[in-house]
Amino acid sequence: MSAKLVCAACGEVLPALSRRSSCPCGGLLDVVQRPREPGRTLRARFDRRLRQGDPAVEDSGVWRFRELLLPGRGVVVTHPEGRTPILRREAIARFVGHGELALKHEGHNPTGSFKDRGMTVAVSHASRSGASAVACASTGNTSASMAAYAAQARLKALVFVPAGQVAAGKLAQALAYGARTLLVNTDFDGCLALVREAHEKLGIALLNSINPWRIEGQKTIVFELLQQRGWDPPDWIVVPAGNLGNTAAFGKALAEARALGLIRHLPRLACVQAKGASPFYRSYRGGFAKRYRVRAETVATAIRIGDPASHDRAVRAIRDSRGVVTAVSDREILEAKAVVDAAGVGCEPASAASVAGVRRLVGEGVIRSGDSVVAILTGHVLKDPGAVMEFHARPGARRNPPVTIEPRLSEVERLLR
Ligand code: F0G
């Protein structure tokens with residue numbers, strides 16, 4: 001297989017092992033892959049690896065698809081990751097008003113979010129290209145994931161997060177895995193601008209999703225879900241959206257799967273933003289004529305992003321898949337989360353945006369009765385314990401507050417009644 005990096009803005013071509021995360025012109029780079037084998041052969045091999053395991057890469061649900069990810073031989077930094085389940089729960093289907101709902105739970109990845117899929121590829125690439133330090137801006141999950149993979153690869157890790165705006169579980173992970181963690185007095189967008197400057201001027205490898213290898217790894221969410229369905233695509237894939245890296249990755253995965261003949265038709269993408277952080281939704285409503293930048297505010301801190309870096313790539317993904325973009329309120333997000341949580345599945349607030357989005361799209365008649373839907377749960381419930389405690393401390397039909405009692409059986413009996 002051969003691969004090269006092509007700038008989406010100016011067309012400049014760079015070698016695959018370039019350490020640049022974006023083009024000198026400022027444009028984003030796309031990995032252009034040319035697998036040597038036909039899709040038929042690859043599909044059979046992917047299925048064989050799924051059945052028999054893959055000792056070369058510890059049964060990773062990312063590296064199972066390695067012919068489509070990172071060319072050449074060399075270090076592979078794998079936990080392993082991926083192999084996330086597809087779940088069906090009646091209570092959640094009832095809540096969204098749609099029986100054909102399945103949830104692919106990316107919170108089952110080693111650091112508790114889908115970021116591990118992009119990180120295993122980007123950190124492997126950084127190691128192969130001789131980097132000694134890696135950095136990212138993050139709303140929390142990217143930093144947790146990068147910290148873990150950098151520790152494994154023995155790379156120095158530098159994390160830029162917005163001070164006071166990162167969920168406890170995520171910040172704890174970055175510290176625990178040993179990343180140098182900078183709480184920056186700005187929002188995510190400010191952190192990203194700063195780390196991009198550090199990348200340009202100080203030469204630190206940048207592992208945000210503007211790094212094209214992150215996108216390559218995240219494509220495997222789609223490859224794996226297609227494979228789990230016997231390569232029969234659902235009608236819809238629904239994903240929460242912040243910086244739009246995942247939306248871009250899904251679009252690229254679908255385009256490649258189609259071009260290789262791994263699938264016969266394309267599912268439609270539905271991209272869900274939080275209302276208080278919905279510049280992409282606004283752009284979609286105006287036919288993508290303009291790109292917007294907003295001051296973001298939402299309870300779903302993972303997607304509190306006002307100026308998504310992968311806007312252009314995501315526009316392509318939505319257009320190519322005849323996709324839609326919607327936005328849901330914090331209230332809708334928290335209610336959906338409470339339903340997902342109470343079904344014993346659990347997810348963080350941003351992940352619940354996809355379920356809230358399905359409910360909205362079903363209500364609007366965009367998702368039709370009988371359409372098969374796979375919604376992505378992007379992160380684990382333990383990522384944001386603060387959001388859970390706050391929700392259950394407030395009045396509301398779904399609240400489940402803890403009860404303090406004296407150590408007496410009579411108290412237990414009273415509570416059972
Ligand atoms: N869901 C979760 C749990 C996330 O952490 C993120 C992004 C998204 C959804 C949105 O994905 O940015 O590709 O559109 N988190 C990034 C971070 C920004 O720093 O962890 P996206």
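The values are calculated or read from the model by the stated rules, or taken from the named source; none is laboratory data. Worth saying up front: this structure is predicted, and the values here are computed from it rather than measured. Backbone-built Cβ (ideal geometry, glycine too); neighbour counts: all protein chains shown.
Some notes on this structure:
- Among residues of segment 217-242 that are within 20 Å of residue 370 (Cβ to Cβ), those with a beta-carbon under 9 Å from a residue that is within 12 Å of the ligand (Cβ to nearest atom) and aromatic (Phe, Trp, Tyr) at least six positions away or on a different chain give the pairs 237/250.
- Those helices (runs of 4 or more DSSP H) lying entirely in segment 291-373 with at least 2 residues among the charged types (D, E, K, R), over 22 Å from residue 225 (Cβ atoms) and free of Cβ contacts under 8 Å to residues at least 60 places away in the same chain: 330-342
- Where a residue in segment 163-179 is in contact (Cβ under 8 Å) with a residue 40 or more places away in the chain and its partner, wherever it lies, is among the polar types (S, T, N, Q) and assigned to a helix (DSSP H, G or I), with Cβ under 8 Å and at least six apart: 165/301; 166/143; 166/301; 167/301; 170/141; 170/143; 173/143
- The set of residues in segment 3-51 that are closer than 21 Å to residue 261 by Cα and modelled with pLDDT under 90 comprises 3, 33, 34, 35, 36.
- Of all residues in segment 240-254 being hydrophobic (A, V, I, L, M, F, W, C) and part of a helix (DSSP H, G or I), the one that is farthest from the ligand (Cβ to nearest atom): 254
- Residue pairs whose Cβ atoms lie under 8 Å apart, sitting 6 or more positions apart in sequence or on different chains, and linking a residue in segment 105-130 that is within 18 Å of residue 249 (Cβ to Cβ) and in contact (Cβ under 8 Å) with a residue 40 or more places away in the chain to a partner that is within 15 Å of the ligand (Cβ to nearest atom) and among the basic types (Lys, Arg), are 106/117; 107/383; 113/383; 118/214; 119/214; 121/214; 122/214.
- In segment 272-282 there is at least one residue that is under 14 Å from the mean Cα position of the chain (by Cα), at pLDDT 95 or above and within 13 Å of the ligand (Cβ to nearest atom).
- Exactly one residue among 126, 151, 144, 157 is in contact with a Gly (Cβ under 8 Å, 6 or more places away or on another chain) and away from the ligand (no atom under 15 Å from the Cβ), and that residue is 151.
- Output for segment 349-367, where each listed residue is touching a Leu at 6+ places or on another chain (Cβ under 8 Å) and within 14 Å of residue 240 (Cα to Cα): 349, 351, 352, 354, 355, 358
- Any hit, segment 7-28, residues being loosely packed, with under 13 Cβ neighbours inside 10 Å and either among the hydroxyl-bearing types (Ser, Thr, Tyr) or touching a Cys at 6+ places or on another chain (Cβ under 7 Å) (or both): yes
- Taken over segment 85-103, the criterion of being under 17 Å from the mean Cα position of the chain (by Cα) and surrounded by 24 or more Cβ atoms within 10 Å (Cβ to Cβ) is satisfied by 103 alone.
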